[in-house]
1. List every residue whose amide H lies under 5 Å from the amide H of A:Gly256, counting only residues 5 or more places away in sequence or on a different chain, with H placed 1.01 Å from N in the peptide plane.
2. Pop out the Kirkwood hydrodynamic radius of the protein assembly as shown from its pairwise C-alpha distances, inverse of mean 1/r, in Å to one decimal.
3. Which of B:Ala181, B:Leu12, B:Ala22 sits closest to the plus end of the dipole of region B:3-246, meaning its Cα is farthest towards the positive end, when Lys and Arg get +1 and Asp and Glu get -1 on the C-beta?
4. Taking amide H atoms as placed 1.01 Å from N in the peptide plane, list the residues 5 or more away in sequence, or in a different chain, whose amide H sits under 5 Å from that of A:Tyr144.
5. Measuring from the lowest to the highest alpha carbon on each principal axis, how far does chain A reach, largest first, in angstroms?
6. On alpha-carbon atoms, Rg over Rh for region B:3-246 using Kirkwood Rh?
7. Quick one: what are the phi-derived ³J(HN,Hα) couplings along region A:243-253, Karplus 6.51/-1.76/1.60 with θ = phi - 60°, whole Hz, x for glycine and proline?
8. In whole Hz, with x marking every Gly and Pro, tabulate ³J(HN,Hα) for region B:109-117 from phi via Karplus 6.51 cos²θ - 1.76 cosθ + 1.60, θ = phi - 60°.
Amino acid sequence: MGVVNFEDLFEAKLAKNDIIEPKDWMPDNYRKHLIRQISQHAHSEIVGMLPEGNWITRAPSLRAKLVLLAKVQDEGGHGLYLYTAAESLGTSRDEMLDALLTGKAKYSSIFNYPTLTWADVGAVGWLVDGAAIMNQVMLQRTSYGPYARAMVRICKEESFHQRQGYELMTHLAFGTPAQKEMAQDALNRWWYPTLMMFGPPDIESPNSENALKWRIKRETNDELRQRFVNQTMPQIEYLGLVVPDKNLKWNEAKKGYDFSEPDWTEFKAVIKGNGPCNKERLASRNKSHSEGAWVREAAAAYAKKQNENYQAA
Amino acid sequence: MTSQEALVNYTLRLGDTSLILAQRLSEWTGHGPFLEEDLALTNIALDIFGRAKALLEYAAKVEGKGRTEDDIAFFRSDREYFNALITEQPNGDYAKTIIRQALIDCFDLAFYTELAKSKDETLAGIAAKSIKEITYHKRHSFSWVNRFGNGTEESFNRLQKGLNEIWPFAGELFEMNEVDALLIKEGVAVDLSTLKANWEKEINQLLAKANLVAPEGTYVQTGSRKGLHGEHLSYILAEMQSLPRMHPTAKW
Ligand SMILES: [Fe+2]
Ligand SMILES: [Fe+2]
Ligand SMILES: [Fe+2]
């Protein structure tokens with residue numbers, strides 16, 4: 001059987017919506033694309049622990065503290081499933097971490113913005129996790145089995161985070177004037193960065209044919225962005241908050257909102273490493289990693305000794 | 001001192017000890033030495049925060065002044081806090097965090113196992129729920145002490161240094177006062193003197209296994225039973241309480 005036949009078999013599986021498993025033959029570009037996408041997603045979860053983690057010690061009620069701590073832990077768990085899924089494609093955690101820590105790998109740019117007030121914790125849960133779900137929900141049926149299965153669990157938890165974030169915002173929006181102001185300020189700062197999460201406009205990022213074929217993507221960036229705005233607007237109105245966009249208005253003809261594009265120059269600058277927190281985030285990951293080196297070495301040395309004792313016995 | 005006053009103070013002591021320990025542990029979240037361990041320590045912090053919340057809720061209820069657990073957590077000063085001194089000590093490196101945790105877990109497992117037999121049903125209930133959690137915490141911290149003690153030279157040195165730093169604060173866990181005396185008589189509190197011998201035995205075994213030597217002739221630091229703390233606590237509280245104190249009428 002030649003390679004061509006393997007390729008045909010792979011294509012046939014995709015055509016039938018079958019799942020590709022780690023042991024199955026897959027083309028190189030499929031494997032590479034997945035490794036890149038899954039590890040980037042994993043990095044986003046891990047770096048995403050930092051902006052919200054920033055408020056754990058200052059959460060204003062015991063319940064809020066428990067909710068936030070559990071959420072940040074969930075994000076770490078997501079990172080773990082995703083690293084494991086990527087490893088099943090033949091990369092290693094060390095390789096992936098190295099790419100993150102040296103700045104070679106990308107992660108979601110949204111986490112390069114700071115969480116300045118407690119309301120940001122709500123805004124991140126509500127808007128950022130909300131946008132993430134919209135981007136990721138189709139990945140539950142993506143062609144690569146381990147990724148699809150990880151995403152089922154992740155999406156379930158992300159929607160929980162979104163509800164909790166929205167609940168936090170309702171406490172603020174219906175709270176004291178200062179709390180409401182805090183909520184509005186957070187919306188002002190997170191609105192456009194959230195819209196950027198769907199990626200550049202379609203004219204600049206033609207939907208890759210492969211991404212559609214591999215069931216990695218189903219809708220275009222602009223379609224997703226539009227859906228997000230349509231879904232979020234009623235929630236913003238309920239909260240009595242105002243979107244920082246004078247052009248935003250309902251368009252009866254398209255049964256959706258018209259709205260302003262985010263500043264794509266800023267988007268590119270943040271991706272290039274010039275967002276307000278890029279350097280801090282990377283420095284923080286590097287600090288934890290290097291300060292943890294002796295712990296990992298000790299664990300490895302201990303395991304090795306145990307193994308030797310076991311074999312000697 | 002009335003029984004009620006004693007019970008409030010006793011419950012605050014337990015609640016504050018849990019709260020400040022969890023607050024310290026949660027400083028590691030997102031910064032652990034590797035991902036699995038970050039998640040494990042966060043899980044432990046979550047358990048302990050959960051226990052703190054239940055205990056402070058009960059303290060507020062017994063107090064009967066209409067305060068909530070959040071009023072109690074966020075609107076008391078360090079002089080009104082009764083957490084054990086060992087919990088407020090800075091995390092230091094991972095070895096120090098782990099050895100502190102091992103000393104506390106060993107105490108807590110024995111303590112809450114006894115408290116589960118208390119005549120006070122609420123305390124007994126909270127304690128019963130905690131036993132399974134603390135059993136896991138203890139397995140975790142003990143296994144890391146063993147790993148560090150028998151890992152590399154560096155991990156051993158760090159562990160010994162951490163032990164030297166934290167050791168003077170361990171003895172206070174067993175300190176009793178008139179609150180204990182009154183509540184032991186009522187079958188509510190645990191007689192801490194009955195726990196000490198076994199704690200020492202278990203810790204000595206653990207230290208021996210990890211090649212550690214307990215510092216000798218250590219002066220035991222105390223004060224928390226009277227609300228006297230080190231310089232660290234007011235910083236912990238300043239951070240933890242900043243938001244509620246800035247917005248005293250707000251609900252979150
Ligand atoms: Fe995510
Ligand atoms: Fe996540
Ligand atoms: Fe999330």
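The values are calculated or read from the model by the stated rules, or taken from the named source; none is laboratory data. If you're wondering where the values come from, they're calculated on a predicted model, not measured in any experiment. Please note: Cβ atoms are built from the backbone with ideal geometry, for glycine as well, and neighbour counts cover all protein chains shown. The protein model used for the area step is the full one, side chains on, heavy atoms only, and it has no ligands, DNA or RNA in it. Shrake-Rupley method; radii C 1.70, N 1.55, O 1.52, S 1.80 Å.
1. Hits under the 5 Å cutoff: A:Asn251.
2. 26.0
3. Farthest towards the positive end: B:Ala181.
4. When sequence neighbours closer than 5 places are left aside, the close amide H contacts are A:Ile20.
5. Sorted from largest, the Cα extents of chain A read 70, 48, 32 Å.
6. Ratio value, two decimals: 0.95.
7. 3J(HN,Hα) across region A:243-253, in whole Hz: 6, x, 8, 5, 8, 6, 7, 5, 10, 4, 4.
8. 4, 5, 5, 6, 4, 6, 5, 4, 9
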